[in-house]
């Protein structure tokens, strides 16, 4: 990356990615002149805690923020909140901003630029979207507005649109808040991007037991209202469902309209970056939800909107901006979820996505106890490994259990990154302790079951 020269660095976006990059620059490469711009009036909102706040597991909304603009000002960072970037001149390295409070425009120059603009929620393009009572939960103020609506006891029925991670977690939170919940998704199961049907069914059964209505293979075609407030959800088969509130949780898209046509992108607008998080334009970097990640299994750039990616890529971008040497090792899309008393984790490809990618995909399953039979703390774990029949290469992993199974995913994520085969996992040397595991290790057994 060259010599470590002091630069004027401008970061657009002050949530996890921008914060991680700024902290890396401050701690590892002191002396740079750092400016941060964000259009919100707060930074560091932990969206992962949204559902915990809505179900009142948390009592203090401020606990969902881990740093502030004042913290950065004390470190010498020039930070501008409630400030919108309205133009980027990449050739002249000039950013035009608008103060949202005064309307005043300003111009800032830079040596290196980081786009950490994140993502925006996907909205269903259907009639009635403008009705009051239809919410999103991307930003802190949206979550607070939804919380206020839920406090109204007359609002008894809530429709959640989208049954991915956010949708199913939100459905649980709303059910625990005492609401009747209707969950809609166009796919055949919940969590279809992450889990095969056998695993998705576990979560679906939990939601069914809790009284959540699930409507799969169902597309929303309209929202009907009364006096400007949403009252019905209309589906493709003409059915109408009476509701008091709607929350859109379909997913996210890169927030990159500002640089469309100026940088190389995927079709969905994610900015293509190299291993240092640098874009197709010299000295312009991008990371987090607005950028691509290199998928180690598919061996191509993909879009993965996860907080863990945003932080990791923000740190890498900080090194890249300063001319440091660390490079991205790529991604497997490792993720995890807890719903009611069930924990799930996954990484890599599902059987369906592996076949769609052209692999001769097969699965090897295990369903049994994690510890010795006599242990009171014992629990069952369900495990699936997806592998390529031709090369024996591991392609993905899925896990479920009523205790933490995320630590299994740590190993499988590394195995995918290193292109390990399922046969290497079959006899991998793994530790045993009678309090935590079994001499017939579930990881080894799952891999040994492969045909």
* Determine whether residue 354 is within 21 Å of residue 388 (Cα to Cα) and at pLDDT 95 or above. => yes
* Asked: When you scan the range 232-335 for strands (runs of 3 or more DSSP E) that lie fully inside it, which ones turn up with 3 or more residues that are over 30 Å from residue 419 (Cβ atoms) and in contact with a helix residue (DSSP H, G or I) (Cβ under 8 Å, 6 or more places away or on another chain)?
  -> none
* **From the options 163, 159, 200, residue that is in a helix (DSSP H, G or I), modelled with pLDDT of 95 or more and buried (at least 21 other Cβ atoms within 10 Å of the Cβ)** => 200
* When only residues in the range 353-371 that are more than 27 Å from residue 312 (Cβ to Cβ) and surrounded by fewer than 16 Cβ atoms within 10 Å (Cβ to Cβ) count, which is nearest to the chain's Cα centre (by Cα)? -> 355
* Could you tell me whether any residue of the range 299-310 is more than 17 Å from the chain's Cα centre (by Cα), in contact (Cβ under 8 Å) with a residue 60 or more places away in the chain, farther than 12 Å from residue 17 by Cβ and surrounded by fewer than 19 Cβ atoms within 10 Å (Cβ to Cβ)? => no
* Asked: What is the one condition in (1) surrounded by 18 or more Cβ atoms within 10 Å (Cβ to Cβ); (2) part of a loop (DSSP other than H, G, I, E, B); (3) out of contact with any strand residue (DSSP E or B) (no Cβ under 7 Å at 6 or more places or on another chain) that residue 195 does not satisfy?
  -> (3)
* Positions within the range 1-34 being assigned to a strand (DSSP E or B) and surrounded by fewer than 18 Cβ atoms within 10 Å (Cβ to Cβ), in sequence order -> 8, 33
* Asked: Taking into account only those residues within the range 45-58 that are in a loop (DSSP other than H, G, I, E, B) and in contact with a helix residue (DSSP H, G or I) (Cβ under 6 Å, 6 or more places away or on another chain), which is surrounded by the most Cβ atoms within 10 Å (Cβ to Cβ)?
  -> 55
* Kindly establish whether residue 207 is surrounded by 15 or more Cβ atoms within 10 Å (Cβ to Cβ), under 29 Å from residue 397 (Cβ atoms) and in contact with a strand residue (DSSP E or B) (Cβ under 8 Å, 6 or more places away or on another chain). => yes
* **Lone unmet requirement of (1) touching a strand residue (DSSP E or B) at 6+ places or on another chain (Cβ under 8 Å); (2) touching a residue at least 60 places away in the same chain (Cβ under 8 Å); (3) crowded, with 19+ Cβ neighbours inside 10 Å for residue 122** => (3)
* Which of (1) outside the structural domain of residue 48 (by TED's automatic domain parsing); (2) touching a residue at least 40 places away in the same chain (Cβ under 8 Å) does residue 145 not meet, given it meets every other one? -> (2)
* To do: Confirm whether residue 266 is within 22 Å of residue 113 (Cβ to Cβ) and surrounded by 16 or more Cβ atoms within 10 Å (Cβ to Cβ).
  => yes
* To do: Identify the single condition in (1) closer than 24 Å to residue 44 by Cβ; (2) touching a strand residue (DSSP E or B) at 6+ places or on another chain (Cβ under 6 Å) that residue 144 does not satisfy, given that it satisfies every other one.
  => (2)
* Among the helices (runs of 4 or more DSSP H) contained in the range 344-451, which hold 1 or more residues that are touching a helix residue (DSSP H, G or I) at 6+ places or on another chain (Cβ under 7 Å) and over 26 Å from residue 308 (Cα atoms)? -> 422-426, 442-448
* Just one of (1) assigned by TED's automatic domain parsing to the domain that holds residue 98; (2) buried (at least 18 other Cβ atoms within 10 Å of the Cβ) trips up residue 246, so point out which. => (1)
* Asked: Checking residue 153 against (1) assigned to a loop (DSSP other than H, G, I, E, B); (2) crowded, with 19+ Cβ neighbours inside 10 Å, which single condition isn't satisfied?
  -> (2)
* Asked: Which of the residues that make up the range 249-258 are within 30 Å of residue 92 (Cβ to Cβ) and crowded, with 22+ Cβ neighbours inside 10 Å?
  -> 254, 256
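The values are calculated or read from the model by the stated rules, or taken from the named source; none is laboratory data. On a predicted model such as this, the values are computed, not experimentally measured, just so you know. Neighbour counts are summed over all protein chains in view; Cβ atoms, including those assigned to glycine, are modelled from backbone coordinates with ideal geometry.
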